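Chemist: Can you keep this structure in mind? I'll have questions shortly.
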Amino acid sequence: MSAKAEELMRQQYLVPRKSVKKLREMSQREGVSAGELARRAIEAYTSGNVIAEPEEEMASRAVLKDIHHQVRTVLTRIDASLTEIHASERALADGTFRAQVVAETRAWFDAHPEEAQGIIELFAPPAVA
């Protein structure tokens with residue numbers, strides 16, 4: 001017993017049967033009392049000396065966290081792209097896009113009348129005299 005008898009105090013706690021069974025098995029395997037194992041566990045927990053997660057598990061969790069972040073980023077971009085596609089589909093369906101193109105084309109022709117004449121000559125056959 002690592003603690004002095006006068007320092008010890010009897011307490012009762014409700015513990016699941018599985019935990020009691022594991023504690024008994026550990027007690028037999030370690031060759032110390034269940035009370036001593038409980039004291040060691042409390043000391044390890046409060047001192048910060050709890051057995052750390054294995055490095056492989058930590059690395060795996062980091063990789064999974066990174067993958068999760070990347071998937072969320074890609075899904076966010078997909079959602080944004082779908083929103084743009086739906087907006088374009090609506091504009092095509094209701095004529096908004098066509099009206100915008102017509103207005104922009106007219107404005108361009110108004111600003112460049114000499115270019116308009118060249119396009120007319122390109123598509124209109126010359127008059128035969």
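Chemist: Mind ranking 18-26, 35-43 by how tightly packed they are, going by the mean number of other C-beta atoms within 10 angstrom, highest first? Can you show the working numbers first?
Modeler: Working: 18-26: 11.6, 35-43: 14.1.
Highest to lowest by the protection proxy: 35-43, 18-26.
Chemist: So, one more: At a Förster distance of 25 Å, what's the computed FRET efficiency of Tyr45 paired with His68, Cβ-Cβ distance as r, to 0.05? Intermediate results must be reported in sequence, preceding the final value.
Modeler: On the way: r = 29 Å, r/R0 = 1.18.
After rounding, the FRET efficiency stands at 0.25.
Chemist: How large a share of the accessible area of the chain, in percent, is made up of carbon and sulfur atoms when the probe is 1.4 Å and the other protein chains stay in place? Don't skip to the answer; put the middle values down first.
Modeler: Details: 7200 of 12140 Å².
Taking all protein chains in place, the chain shows 59 percent carbon and sulfur surface.
Chemist: On a full-extension model of 0.36 nm per residue, what is the gain between Phe97 and Ala34, subtracting their alpha-carbon distance, rounded to one decimal in nm?
Modeler: Numbers: separation 63, 0.36 × 63 = 22.68 nm, distance 7.81 nm.
Length gained, Phe97 through Ala34: 14.9 nm.
Chemist: Here is a follow-up. Give the accessible surface of the range 1-96 per residue, rounded to a whole number of Å², with probe radius 1.4 Å and ligands, DNA and RNA excluded.
Modeler: Values: 9090 Å² over 96 residues.
About 95 Å² of surface per residue is accessible.
Chemist: Moving on. At 222 nm, what value in deg cm²/dmol follows for the chain if DSSP H runs of at least 4 each add -39500 (n - 2.57) and the sum is divided by all its residues, to the nearest 500? Walk me through the numbers before you get to the answer.
Modeler: Values: 5 runs with 95 residues, N = 129.
Using -39500 (n - 2.57) per qualifying helix, the result is -25000 deg cm²/dmol.
Chemist: Label-point separation (nm) for Lys22 and Leu122, each offset 7 Å from Cα along Cα-to-Cβ?
Modeler: So the two model labels end up 7.9 nm from each other.
Chemist: Could you pull the Cα extents of the chain along its three principal axes, largest to smallest, in whole Å?
Modeler: Projected onto its principal axes, the Cα set of the chain covers 126, 28, 24 Å.
The values are calculated or read from the model by the stated rules, or taken from the named source; none is laboratory data. These figures come from a predicted structure and were not determined experimentally. Heads up, the Cβs are rebuilt from the backbone with ideal geometry, glycines too, and the neighbour counts pull from every protein chain shown. Please note that ligands, DNA and RNA were not included when accessible areas were found on the heavy atoms of the full protein model with its side chains. Shrake-Rupley method; radii C 1.70, N 1.55, O 1.52, S 1.80 Å.
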